[in-house]
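Visitor: Below is the structure I would like to discuss, written out as structure tokens.
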Amino acid sequence: MAKILVVDDEEDYRLLLRHILERAGYAVAAADGGEAGLVAHAAERPDLVILDAQMPDLEGYEVCRRLRAAGHLTPVIFCTVRSAVARVAEGLRAGGNDYVVKPFSPDDLLARVRAALPPAGP
């Protein structure tokens, strides 16, 4: 079972994402901000990170840059209200693999999660 780390400062979105992902069969860990997300990533060793871009303590773009600078190849999907093309491009330049705009369709999110996860072993 793949483990997904959800990093979002808004509790409602953390709970919504947890519900969607757990119903789809994923294990879910969560963190309530960028700094906590870095700590959780080190502790949980997730297969994928869903990361909010705009958080008060440390923006998601910087979290992703730090993960990549440390050599982590964990797929990252940004999930944020920031929909401007420049923001999407910033997320991808920071090392993100995909970008989902809130509000989102659960089916769309799950399709992107499946596409971003490494294939399961034999």
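Visitor: I need every pair where a residue in the range 27-47 that is among the β-branched types (Val, Ile, Thr) has its Cβ under 8 Å from the Cβ of a residue that is open to solvent by less than 10 Å² (accessible area, probe 1.4 Å), sequence separation at least 6 or different chains.
Guide: Every condition considered, the pairs that remain are Val28/Ile4; Val28/Leu5; Val28/Val6; Val28/Leu17; Val28/Leu21; Val39/Ala31.
Visitor: Something else now. Only one of these conditions is not met by Arg68: (1) surrounded by fewer than 18 Cβ atoms within 10 Å (Cβ to Cβ); (2) among the charged types (D, E, K, R); (3) closer than 23 Å to Gly25 by Cβ; (4) touching a strand residue (DSSP E or B) at 6+ places or on another chain (Cβ under 9 Å). Which number is it?
Guide: (3)
Visitor: Residue by residue through the range 1-53, note down the ones that are assigned to a helix (DSSP H, G or I), closer than 16 Å to Ser105 by Cα and open to solvent by 40 Å² or more (accessible area, probe 1.4 Å).
Guide: Hits for the range 1-53 are Asp12, Tyr13, Arg14, Leu15, Leu16, Arg18, His19, Glu22, Arg23.
Visitor: Applying the selection to the range 87-122, what residues are small (Gly, Ala, Ser) and either open to solvent by 70 Å² or more (accessible area, probe 1.4 Å) or touching a residue at least 40 places away in the same chain (Cβ under 8 Å) (or both)?
Guide: If the condition is that a residue be small (Gly, Ala, Ser) and either open to solvent by 70 Å² or more (accessible area, probe 1.4 Å) or touching a residue at least 40 places away in the same chain (Cβ under 8 Å) (or both), then Gly96, Ala115, Ala116, Ala120 are the ones that fit.
Let's see how each residue does on (1) at pLDDT below 95; (2) under 11 Å from the mean Cα position of the chain (by Cα):
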| residue | (1), (2) |
| --- | --- |
| Met1 | yes, no |
| Asp8 | no, yes |
| Ile20 | no, no |
| Ala27 | no, no |
| Asp32 | no, no |
| Gly37 | no, yes |
| Ala42 | no, no |
| Leu48 | no, yes |
| Val63 | no, yes |
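Visitor: Quick check on this structure: which one of Gly95, Gly60 is in contact with a strand residue (DSSP E or B) (Cβ under 7 Å, 6 or more places away or on another chain), over 23 Å from Leu15 (Cα atoms) and not basic (Lys, Arg)?
Guide: Gly95
Visitor: With the requirement that a residue be among the acidic types (Asp, Glu) and within 17 Å of Ala2 (Cβ to Cβ), what does the range 96-116 give you?
Guide: Asp98
The values are calculated or read from the model by the stated rules, or taken from the named source; none is laboratory data. The model shown is predicted, which means the values in this text are computed figures rather than measured ones. For neighbour counting, all protein chains shown are included, and Cβ atoms are generated from backbone atoms with ideal geometry for every residue, glycine included. Areas reflect the complete protein model, heavy atoms only, side chains present, ligands, DNA and RNA absent. Shrake-Rupley method; radii C 1.70, N 1.55, O 1.52, S 1.80 Å.
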